[in-house]
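Enquirer: Quick one: structure below, then a few questions.
The values are calculated or read from the model by the stated rules, or taken from the named source; none is laboratory data. Note that the structure is a prediction, hence the values are computed from the model and not measured. Here Cβ is always computed from backbone atoms with ideal geometry, including for glycine, and neighbour counts include all displayed protein chains. These area figures cover heavy atoms from the full protein model, side chains too; ligands, DNA and RNA do not enter into them. Shrake-Rupley method; radii C 1.70, N 1.55, O 1.52, S 1.80 Å.
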Amino acid sequence: MRTRVIIAYLLMLGLTLGPVSWAWHAPLAAQDAGDDDDDDDDDAGDDDDDVADPDDQDPGGDAGGDDAGGDDVGGDDVGGDDPGGDDVGGDDPGGDDAGGDDAGGDDAGGDDDGASGGGDDDDGATGGNDDDDDGANGGNDDDDDGAAAGGDDDDDGPAAGGDDDNDDITDDRGDTDDGADDIDDDPGQWLLPSGETENERAANDERDRIDTDGDGFRYRRGEFVALDLTAADLAELKAGGFEVVASEKLASVGGTVLLLRGPAQIADEAALDTLETVADPDTIGYNHLFDSSSVQTKRRKGAALPQRVACGCQIGLIDTGIATGLAYFKHVTLSQRAFNGKVAEARLHGTAVAHLMAGTKADPAARTKIFVADIFSGPRESAGSSFALIKALDWLAAQGVPVINISLSGPRNPAVAGAIARITKRGHVIVAAAGNDGPAAPPVFPGAYDNVVGVTAVDAQNRVYRYANRGAHVDFAARGVAVPAIDAKGEVRDATGTSFAAPLVAARLAHQLGKPDAAAAQRAIRALEAEARDLGPRGRDPIYGAGLVGGQP
């Protein structure tokens, strides 16, 4: 009976709305950070039956997934605020969740129905815990609905007897949503890691001459990065109309990195083809723009940070700038340098990641030294550029740090890959986030390079973060869901994303390595593999890698 009703409803809807147009959304950083499938209905934290939701890989339900019992762990969206999703401001723009379920054909035949007897998604009423997009629930309530009876309520209207978390979305500038940057100023939009909405980014990119390559990754229009071009190469390129915008000697990576501009009269793809015929294609690429990995954060009102000992190590960090003046960092030594702008700027992402390395108290055996390379402050048009990233790698290697943490996501870039290969060969370990684009998404870099340690995130029950990328590049898992951390204002937050799992693994490795040493680095990685707690299928797997690494260095 229910099937016939659904079919009749869909037929009626088709007559009313006419043909439905589907569009594939190219990645903005890796793929849509947080909105990783085609139905425009995905919340980074909701439980819809989308392609990208790892919970729905289990045909019998959410076995081993995040939503045991049909509800998000903790009774509301982990992270609390659905950044990257469509449900900011109370419902899904575009009409998906109008009326309390996914009208519009998204989940016909699935579990977005009128009623369900035990936790369910996107329905009219549920007999157990419920997730989003409904009118009323009998148990704890999640997001995108009108009111919640007895549970926390995300991104919705008034909450009855619970907490409304509309104020919990933060952008990566360290702002909380209590002022000019409040997400409620623009309901229906979502913030990218840069703090922009998708529409704002598109407009700003056009202004700043930022384009996308064939795979949808952003790069500075007309700009290319190359390693070690010979004098003859440069002469030939200059004769063909190429210009050297900037050049820098790399003391530790070795050689020279060049920023080139192609001839105005030819398309960028043709210019890249020309570059690859003149020089080694493995050392040349677009001047891609990387993003700090998308994350979710939620304020922990009145909560104290759990006590953690600093790593007692020397460690490098390529990220946003950090708030060095916070009391939370008094027990560690910080060195910070900007590689895109003139001065480093404190933002949420880098501050939270650095704090996870610093802990809350000093290691009595050794002073912790954290070297921070900020590649995002300064001109927007070059923030997170490949050129800045390569210079940051060279500086950190020159500081003698044995381990460098990179919680960024972007495309495979030959020049960046070449720089990483050179310093890992010299004994430096690179640890990077696996990415937060969903289990069906392609790999993101640098986490997916063979010589980089890729880290995924799990929650307190050791279940994989639902939007973590999967693949052979995942080497370890660490706690990265609802991790207590601090933002750039020193406020305590629960932070979610593979960005917050990577520094725990990086700190463990750095604790074992006093200096760069290729043989010692391999021994430390093998030892960590032996120590890791096997999760998922027996042995190494594309979800958890070698297994779970504990959070304490």
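Enquirer: So, in segment 222-264, exactly how many residues are open to solvent by 70 Å² or more (accessible area, probe 1.4 Å), touching a residue at least 60 places away in the same chain (Cβ under 8 Å) and out of contact with any helix residue (DSSP H, G or I) (no Cβ under 6 Å at 6 or more places or on another chain)?
Expert: Result for segment 222-264: 0.
Enquirer: List, please: which pairs have Cβ atoms under 6 Å, are six or more places apart or on different chains, and start with a residue in segment 537-551 that is within 10 Å of Ala472 (Cα to Cα) and end with one that is in a loop (DSSP other than H, G, I, E, B)?
Expert: Pairs that qualify, where the first residue is within 10 Å of Ala472 (Cα to Cα) and the partner is in a loop (DSSP other than H, G, I, E, B), are Arg540/Ala546; Pro542/Arg470; Pro542/Gly471; Pro542/Ala472; Ile543/Arg470; Ile543/Gly536; Tyr544/Leu535; Tyr544/Gly536.
Enquirer: Tell me which strands (runs of 3 or more DSSP E) are completely within segment 265-356 and hold 1 or more residues being modelled with pLDDT of 95 or more, open to solvent by less than 40 Å² (accessible area, probe 1.4 Å) and aliphatic (A, V, I, L, M), or say none if there are none. Show your work before the answer.
Expert: Numbers: elements: 284-288, 296-299, 314-319, 333-338.
In segment 265-356, 284-288, 314-319, 333-338 are the strands (runs of 3 or more DSSP E) which contain 1 or more residues that are modelled with pLDDT of 95 or more, open to solvent by less than 40 Å² (accessible area, probe 1.4 Å) and aliphatic (A, V, I, L, M).
Enquirer: Assess whether Ser409 counts as being at pLDDT below 95 and open to solvent by less than 20 Å² (accessible area, probe 1.4 Å). Steps first, please.
Expert: On the way: at pLDDT below 95: yes; open to solvent by less than 20 Å² (accessible area, probe 1.4 Å): yes.
Yes, satisfied.
Enquirer: Quick one: would you say Arg426 is surrounded by fewer than 24 Cβ atoms within 10 Å (Cβ to Cβ), under 16 Å from the mean Cα position of the chain (by Cα) and in contact (Cβ under 8 Å) with a residue 12 or more places away in the chain?
Expert: Numbers: surrounded by fewer than 24 Cβ atoms within 10 Å (Cβ to Cβ): yes; under 16 Å from the mean Cα position of the chain (by Cα): no; in contact (Cβ under 8 Å) with a residue 12 or more places away in the chain: yes.
No; evaluated as a whole, the condition is false for this residue.
Enquirer: Given the structure, is Ala495 closer than 29 Å to Ser385 by Cα and in a loop (DSSP other than H, G, I, E, B)? Break it down into steps so the answer makes sense when it comes.
Expert: On the way: closer than 29 Å to Ser385 by Cα: yes; in a loop (DSSP other than H, G, I, E, B): no.
Criteria not met by Ala495.
Enquirer: What about Ile420, is it over 13 Å from the mean Cα position of the chain (by Cα), of a type in the set (A, V, I, L, M) and open to solvent by less than 20 Å² (accessible area, probe 1.4 Å)?
Expert: Against the criterion (over 13 Å from the mean Cα position of the chain (by Cα), of a type in the set (A, V, I, L, M) and open to solvent by less than 20 Å² (accessible area, probe 1.4 Å)), Ile420 qualifies.
Enquirer: I'm told Arg538 meets every condition in (1) assigned to a loop (DSSP other than H, G, I, E, B); (2) out of contact with any strand residue (DSSP E or B) (no Cβ under 9 Å at 6 or more places or on another chain); (3) buried (at least 16 other Cβ atoms within 10 Å of the Cβ) except one. Can you identify the failing condition by its number?
Expert: That leaves (3) as the condition not met.
Enquirer: Being part of a helix (DSSP H, G or I), out of contact with any Gly (no Cβ under 9 Å at 6 or more places or on another chain), small (Gly, Ala, Ser) and surrounded by 13 or more Cβ atoms within 10 Å (Cβ to Cβ) narrows it down to one residue among Ala530, Ala524, Ala507; which is it? Show your work before the answer.
Expert: Values: Ala530 fails: surrounded by 13 or more Cβ atoms within 10 Å (Cβ to Cβ); Ala507 fails: out of contact with any Gly (no Cβ under 9 Å at 6 or more places or on another chain).
So the residue among Ala530, Ala524, Ala507 that is part of a helix (DSSP H, G or I), out of contact with any Gly (no Cβ under 9 Å at 6 or more places or on another chain), small (Gly, Ala, Ser) and surrounded by 13 or more Cβ atoms within 10 Å (Cβ to Cβ) is Ala524.
Enquirer: Would you mention how many residues in segment 334-353 are touching a residue at least 40 places away in the same chain (Cβ under 8 Å) and aliphatic (A, V, I, L, M)?
Expert: 5
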